[in-house]
Amino acid sequence: MRAIGLIGGLSWESTVIYYQVINRRVRERLGGSHSANSLIWSVDYTIVEDLVFAGRWDEVSTLLTDAGRKLEDLGAEVLLVCSNTFSRVSDDVARAASVPVLHIADAVGAEVRARGMRKVGLLGTRFTMEQPFYRDRLAAHGFDVVVPRREQRELVHRVIFDELVRGVLRESSRDAYAQVVADLAADGAEGVILGCTEIELLITEKDAAVPLLPSARLHAEAAAGFALAD
């Protein structure tokens, strides 16, 4: 079993999902009381959040690249940046690493392609929904990506940073997100990507008009599969 290195704390609320899913998948595959060989480097989220809002992505890259090196020094044989927004610097982490770095958008894109979907909606932070680094990576898998209208993007973004990364789950926000998903479905989306790892803490498919694609879980499952591959 390869050792998995998680660059987490982005936020820690969703890093918990990674740890749970990876260990459950390993136990399902190997049986008994097996669990994953894994390492987590969890950053102080306030620091990276402040850097992002200041547009200081070069410093984010340095911080997460350094975290990747530390995990590799400790024995990690594959790395994951446990975030959609912060996947903007995943390629920087990969260039600095000597082990594979699994990109979250590739895990999501593979699932969309496997389901045969041709058009999907995307929810996430404003950075993820509006900047090309994530949408272009998804589109390279061969499907169309659409985002909510502007006022809905602002709502989705605000709920993530004001509530979800702080562990706050509100029924009113769940209802608002469900409406955004319904509107995307009405515009032709065959599924909706939960392109912020915290969103899957708030809504599930029972709240949705179309299938939801939970990015953190898909990323974690890809990591478990890689760790156990022959």
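The values are calculated or read from the model by the stated rules, or taken from the named source; none is laboratory data. Values in this document were obtained by computation on a predicted structure and should not be read as measured data. Cβ: placed from backbone, ideal geometry, glycine included. Neighbour counts: every protein chain shown. For accessibility, only protein heavy atoms count, side chains too; no ligands or nucleic acids. Shrake-Rupley method; radii C 1.70, N 1.55, O 1.52, S 1.80 Å.
Here's how it looks for Ser83: its modeled amide H is under 5 Å from none belonging to a residue 5 or more places away or on a different chain.
Computing Rg and the Kirkwood Rh from the Cα coordinates of segment 95-230 gives a ratio, Rg/Rh, of 0.97. Ranked by the mean number of other Cβ atoms within 10 Å per residue, highest first, peptides 166-178, 192-204 order as 192-204, 166-178. In this structure the amide hydrogen of Val146, modeled in the peptide plane, comes within under 5 Å of the amide hydrogens of Val120, Gly121, Leu122, none closer than 5 places in sequence on its chain.
Which of the three applies to segment 18-74, rounded, prolate or oblate, going by the alpha-carbon gyration tensor with a ≥ b ≥ c and a/c under 1.5 meaning rounded? Prolate. Taking the average, over residues, of other Cβ atoms within 10 Å as the packing measure, peptides 136-143, 22-29 rank 22-29, 136-143 from highest down. DSSP finds beta bridges in the chain, and of those with both partners inside it, around 0 percent are antiparallel. The angle between the Cα long axis of helix 57-73 and the longest principal axis of the Cα atoms of the chain comes to about 40 degrees, rounded to the nearest 10.
Label separation (Asp58 vs Arg118): 4.5 nm, computed from points 7 Å beyond Cα along the C-beta direction.
Work out, in µm²/s and without decimals, the Stokes-Einstein translational diffusion coefficient of segment 18-124 at 20 °C, 1.002 mPa s, Rh from Kirkwood over C-alpha pairs.
Numbers: Rh = 15.6 Å.
Diffusion coefficient, whole number: 137 µm²/s.
Averaged over residues, the count of other Cβ atoms within 10 Å places the peptides 72-79, 216-223 in the sequence 216-223, 72-79, highest first.
Would you mind counting up the charge near Asp50? Only other residues with Cβ under 11 Å from its Cβ, with Lys and Arg at +1 and Asp and Glu at -1. Kindly include the intermediate steps, with their values, before the conclusion.
Details: positive: Arg56; negative: Asp44, Glu49, Glu59.
Around Asp50, the surrounding residues sum to -2.
How many percent of the alpha carbon pairs in the chain exceed a separation of 27 Å? If you can, show how the numbers build up before the last one.
On the way: 7852 of 26335 pairs.
Beyond 27 Å sits 30 percent of the P(r) for the chain.
For segment 155-228, the normalised intensity computed at q = 0.19 Å⁻¹ comes to -0.78 (log10 of I(q)/I(0), Debye sum over alpha carbons, equal scatterers, no solvent).
Residue separation times 0.36 nm, minus the C-alpha to C-alpha distance between Arg170 and Asp136: what's the value?
Numbers: separation 34, 0.36 × 34 = 12.24 nm, distance 3.15 nm.
That works out to 9.1 nm of additional length.
Would you work out if segment 80-175 is rounded, prolate or oblate? Take a ≥ b ≥ c from the square roots of the eigenvalues of the alpha-carbon gyration tensor; rounded if a/c is under 1.5, else prolate when a/b is larger than b/c, oblate otherwise. Each step should come with its number before you reach the end.
On the way: a/c = 2.03, a/b = 1.32, b/c = 1.53.
In terms of gyration-tensor shape, oblate.
Pairing the Cα long axis of helix 171-186 with the longest principal axis of the chain, what angle in degrees results, from 0 to 90 and rounded to the nearest 10? Compared with the principal axis, the helix lies near 80 degrees.
Probe of 1.4 angstrom, ligands and nucleic acids ignored: what's the accessible area per residue over segment 3-143, in square angstrom?
Values: 6210 Å² over 141 residues.
Ligands and nucleic acids excluded, the figure is 44 Å² per residue.
Shown is the FRET efficiency for Asp183 and Ser35, computed with R0 = 45 Å from the Cβ-Cβ distance and rounded to the nearest 0.05: 0.65.
Can you give the local net charge around Arg113? Use residues other than it whose beta-carbon is closer than 14 angstrom to its beta-carbon, Lys and Arg +1, Asp and Glu -1. Before the final figure, lay out each step's value.
Numbers: positive: Arg115, Arg118, Lys119, Arg137; negative: Asp106, Glu111, Asp144, Glu190.
So the environment of Arg113 carries a net charge of 0.
Could you tell me how many degrees, from 0 to 90 and to the nearest 10, lie between the Cα long axis of helix 12-30 and the main elongation axis, the longest principal axis, of the Cα atoms of the chain? Roughly 60 degrees, rounded to the nearest 10. Between the amide H of Val101 and those of Leu79, distances stay under 5 Å, these residues lying 5 or more places away or on another chain, with hydrogens modeled in the peptide plane.
Quick check: from the Cα gyration tensor, does segment 124-170 come out rounded (a/c under 1.5), prolate or oblate?
The shape class here is prolate.
Only helices enter this figure: runs of n ≥ 4 DSSP H residues, each worth -39500 (n - 2.57), summed and divided by the residues of the chain, yield -16000 deg cm²/dmol at 222 nm to the nearest 500. With a 1.4 Å probe and every protein chain kept in, tell me what percent of the accessible surface of segment 18-59 is carbon plus sulfur. Carbon and sulfur together cover 44 percent of it.
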